[in-house]
Structures are given as C-alpha cells and as structure tokens.
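Input: a single structure, listed below in structure tokens.
What follows is calculated from the coordinates using simple rules that are stated; it is not laboratory data. Just so it is clear, the model here is predicted, and its values are computed rather than measured. Here Cβ is always computed from backbone atoms with ideal geometry, including for glycine, and neighbour counts include all displayed protein chains.
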C-alpha cells in the first residue's frame, strides 16, 4: 500500500460488499459500541439480523444509516464508500453522470447522492488564526456569452453572478460561502464570524475591506490594480488558488451550479482542501468524511424545493 494513497483496486478489496462496508461504518460512527441514534442510549440494545438493532429504551429499530446522509437510501453502503473515495481524491470533483456509470445507478440517483455527500461537507470550522487571506469571487456565466433573451443588461463584471467570499488561513484551513450583497457589512461580517481577534488580514485593495485595521484585526493589502501581487510578504495568492480550482471544477466537471445549490458545491471544494487534503493518507480523508455524515440528513423533497 502506498504511503499516502490507496488505489481503486485496493479500496474494492477492503470493501467488496455491503456487509464489509456496514462493519467499517459502524466501527467509525460507533467507536465505543452500538449507540442508538434516536435517543443516544447504548445500554439496552438488541442485535437483530441484516445490520438492524433494537433499542429497548426508546423501542425503536435502527441501523448505521439512521440519522445520517445514508438514511432511507437503497444504494448499497460499499457504493457510498466508493463515491466518498472519489469525491476526496478527484481534485476537481466528479459529475453525477460519471458517478452513475462508475457504480451502476441512474444519473438522477447519483445527483441526489452527490448532494447528500456535499451536505456532509458543510461543517463550520473552528476560528481561523494567524495570517488570513480574504478575497471574493463571482460565479456565473458572462453577460457577453448569454443569449440575448437572457442578458440582464445591467452592466458587466459581477452582474448576474453569485458572490463567494473565501478566507484561507496561511498553512491551515479554508472557509468559503456564497453571499447576496458584495458590501462592506457582508464581507466584514464573514471575517468577524470566522477569524480570531488579533489575526492579520491580507486582502487586495478593494474598498470593501477598508476599516479592518483597528482594535480587532491588523490589516494589510496589496494593490492588484497596480500589478502588485506580493509585497513585503502580503499576498492573496493562496485564496486566489482556491478560486482557480473551484472554477475549473465548476466549469470543466459540473458545467453549471445554480445559485440554490452553489453553497454545497463550495462546501465540497473547501472540504477537499481541509479534511480531504491530499497531504493526508486517503484512508484518513475517508475517515474524516465518514465522521461528518452523522446528523446531516438531506431529503429529496428539501433538495428540489423552490
């Protein structure tokens, strides 16, 4: 086995069927023994067949799927694990059409499956500390490339696009989320929510970041409009590289992400940078993914609701 990754063939040998995948998930989600996901008890539990358990305290039956993104899914658990493996190892993601071919399900089921997995990626992280690079980008088609009937005719740049603000700790984690208004209150609010007081903030020279240098934070900027991208150690190159990978994935793999679902796509990419970092062994990345699936149920009705 490689020091940093495992092959698809090795993964199939580890989890060849539903039963092996079930036992692995139980060992990761219930490390201290079977626990009822409904009442939280672990004392009065009876083992039944086919992975079912009975909690005699709350009189409910449950499986390892209960209370997770797998709940009420008819897709075998070893196929779920393979999809998780693909999501953490494919740097730019995997399309629902490709996944449907890989594991032998319909494209519609694969699309729902991938959104459930993205739902698991959406944990808010602990506060970022140290040097934090902050930048915003805009996702959506160019006005000039749209059909005449779909042009908004309200200008260029961010018109018709969804903004995403990103915060990347130098040498650490990344947080990104869509926003509605590209104003100072919105972007400063994102920093206040996710950055520890006293941290150093690096941004470009956009006016929306003015006023950060004060009692709570130290702020330095680089003047991109003057062609400066690194000056005295101040740069936003790391967060810019996040946008490069995100846009390549959205354009080249997913082709389109509606504003409604964009947040989940962003969560997928940031998870891959954080818990799914390729510097970690593949099995550790898979374990981080499994740990995130509890209490993250996403129903199809909620997914497609307007």
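Rounded to the nearest 5, the antiparallel percentage of DSSP beta bridges internal to the chain is 70%. Once C-alpha pairs closer than 8 Å and six or more residues apart are averaged by separation and normalised to the residue number of the chain, the relative contact order reads 22 percent. The fraction of Cα-Cα pairs per 20 angstrom bin, counted from 0 for the chain, comes to 29, 52, 18, 1 percent, rounded to whole percents. Summarising the label geometry, the points placed 7 Å from Cα in the beta-carbon direction at residue 260 and residue 138 lie 2.4 nm from one another. Each residue, residue 224 and residue 161, gets one label point 7 Å from its Cα in the Cβ direction; the gap between the two is 0.9 nm.
For the stretch 11-90, the alpha carbon positions stretch 42, 24, 20 Å along the principal axes, listed from largest to smallest. Here 127, 71 are placed in order of increasing Cβ neighbour count within 10 Å, fewest first, which gives 127, 71.
Here 47, 235 are placed in order of increasing Cβ neighbour count within 10 Å, fewest first, which gives 47, 235.
Once the Cα atoms are used to define both axes, helix 18-29 deviates from the longest principal axis of the chain by about 60 degrees. Residues 14, 200, ranked from the fewest to the most other C-beta atoms within 10 Å, line up as 14, 200.
The C-alpha atoms of the chain define a longest principal axis, and helix 107-120 lies at about 70 degrees to it. Annotation for the stretch 60-127 versus the stretch 276-306: alpha-carbon center distance of 7 Å.
At a threshold of 8 angstrom on Cα-Cα distance, excluding pairs fewer than six apart, so keeping six or more, what relative contact order does the stretch 131-273 reach in percent?
Once divided by the residue count of the stretch 131-273, the mean separation gives 24 percent.
Take the Cα of residue 74, step 7 Å toward its Cβ, do the same at residue 102, and the gap between the two points is 2.3 nm.
On full extension, the segment bounded by residue 43 and residue 91 gains 13.0 nm, given 0.36 nm per residue less the C-alpha separation. Give the residues of the stretch 213-231 whose amide nitrogen is closer than 15 Å to a point set 7 Å from the Cα of residue 127 in the direction of its Cβ. 215-218, by backbone N distance to the label point. Pairs of Cα atoms in the stretch 3-55 fall into 10 Å distance bins, from 0 up to the last occupied one, in shares of 21, 43, 22, 14, 0 percent.
Within the stretch 131-273, the proportion of C-alpha pairs whose separation exceeds 27 Å stands at 23%. For the stretch 190-306, dividing the convex hull volume of the Cα atoms by the residue count gives 185 Å³ per residue. For the stretch 82-140, the normalised intensity computed at q = 0.23, 0.24, 0.26 Å⁻¹ comes to -0.96, -1.00, -1.08 (log10 of I(q)/I(0), Debye sum over alpha carbons, equal scatterers, no solvent).
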